[in-house]
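Engineer: Take a look at the following structure, please.
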Amino acid sequence: MTNYLVLSGILIVVLGFLLRLNPLLVVMAAALGTGLSAGLDPVKVISAFGKAYNDNRFISVVYILLPVIGLLERYGLQQRARSVIADLKGATTGRLLIGYLLFRQITAALGLISIAGHAQTVRPLVAPMAEAAAERQDADIDEDTREKVKAYAAATDNVGVFFGEDIFIAMGSILLMIGFLEANGITLAPLQLSVWAIPSAFIAFFVHAARLLLLDRKLKR
């Protein structure tokens, strides 16, 4: 009978969801029920909760970050970013995004992947600034061109991270390749792969920068 009592957590989850109770409370009650039914000490069950939260505490950053960005946008973050670009002489969409591309590649090469991104910087800052610069270049900019400028802003972030992160020797992709090569009898140091990622990063930078300058030419026309 004791073995079946361990499954009481499943029953608690089913009943909790049927009654539309708070999912977090339901899961906690199910875990407590299962732990106590298995004969665990209540302190040990609560300690397991604490350890799981501590090991995965980075997940909670998302729930803090998104509301903060939402509040900043509500109180004029995008408008302020647009006004800053409007006051800068010589600022163009291409030049702005090239600067962001360089920043993104350098920080990614140092392992600072989460310092920027689509949610943190592109949507609230980079895209509005690029759009404001495009309006300076073409006062009659249409909706399709606006969307294209936003797409270039998002693509710039992707290119910068993708080709910059492999320079950092402790990046997951580098370690994955090292493990795969070792499994096939090829032993390499992480630095050897990182060094060969540098030429790719340079090429990606110049190719995408050229595309951004071509975008500038189209906007001027």
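Computed from the coordinates by the stated procedures, all read-outs in this text should not be read as laboratory data. Small disclaimer: the values here were computed from a predicted structure and weren't measured. Cβ: placed from backbone, ideal geometry, glycine included. Neighbour counts: every protein chain shown.
Engineer: Once you compute Rg and the Kirkwood Rh from C-alpha atoms, what is the Rg to Rh ratio for the stretch 126-212?
Structural biologist: Values: Rg = 18.4 Å, Rh = 15.2 Å.
Radius of gyration relative to Kirkwood radius: 1.21.
Engineer: Could you calculate the contour length gain from residue 19 to residue 186, that is, 0.36 nm times the residue separation minus the distance between their Cα atoms, to one decimal place in nm?
Structural biologist: Values: separation 167, 0.36 × 167 = 60.12 nm, distance 5.68 nm.
Working it through step by step, the gained length comes to 54.4 nm.
Engineer: Points 7 angstrom from Cα along the Cβ direction at residue 202 and residue 142: gap in nanometres?
Structural biologist: Going by the 7 Å Cα→Cβ label model, 4.1 nm.
Engineer: Rank-order 124-134, 202-212, 90-100 by packing density, defined as the average count of other C-beta atoms within 10 Å over each peptide's residues, highest first. Don't skip to the end; give the middle numbers.
Structural biologist: Details: 124-134: 23.9, 202-212: 15.4, 90-100: 20.5.
Output ranking for 124-134, 202-212, 90-100: 124-134, 90-100, 202-212.
Engineer: Taking 7 Å along the Cα-to-C-beta vector as the label spot, tell me the residue 48-residue 102 distance in nanometres, rounded to one decimal.
Structural biologist: 5.4
Engineer: Can you tell me the length gained on complete extension of the stretch residue 113 to residue 41, counting 0.36 nm per residue apart and subtracting the Cα distance? Numbers along the way, then the final one.
Structural biologist: Details: separation 72, 0.36 × 72 = 25.92 nm, distance 4.09 nm.
Once the chain is fully extended between residue 113 and residue 41, it gains 21.8 nm.
Engineer: Also, I was wondering about something else. Quick one: if the Förster radius is 35 Å, what FRET efficiency do residue 27 and residue 162 give, using the C-beta to C-beta distance and rounding to 0.05?
Structural biologist: On the way: r = 36 Å, r/R0 = 1.03.
After rounding, the FRET efficiency stands at 0.45.
Engineer: Another one. Taking a virtual spin label 7 Å from the Cα of residue 83 along the C-beta vector, which residues in the stretch 133-150 bring their backbone nitrogen under 19 Å of it?
Structural biologist: So the set is 133-136.
Engineer: For the stretch 163-221, what is Rg from Cα atoms divided by 2.2 N^0.38 Å, rounded to two decimals? Show your work: numbers first, answer last.
Structural biologist: On the way: Rg = 16.6 Å, N = 59, 2.2 N^0.38 = 10.4 Å.
Computed over Cα atoms of the stretch 163-221, the ratio equals 1.60.
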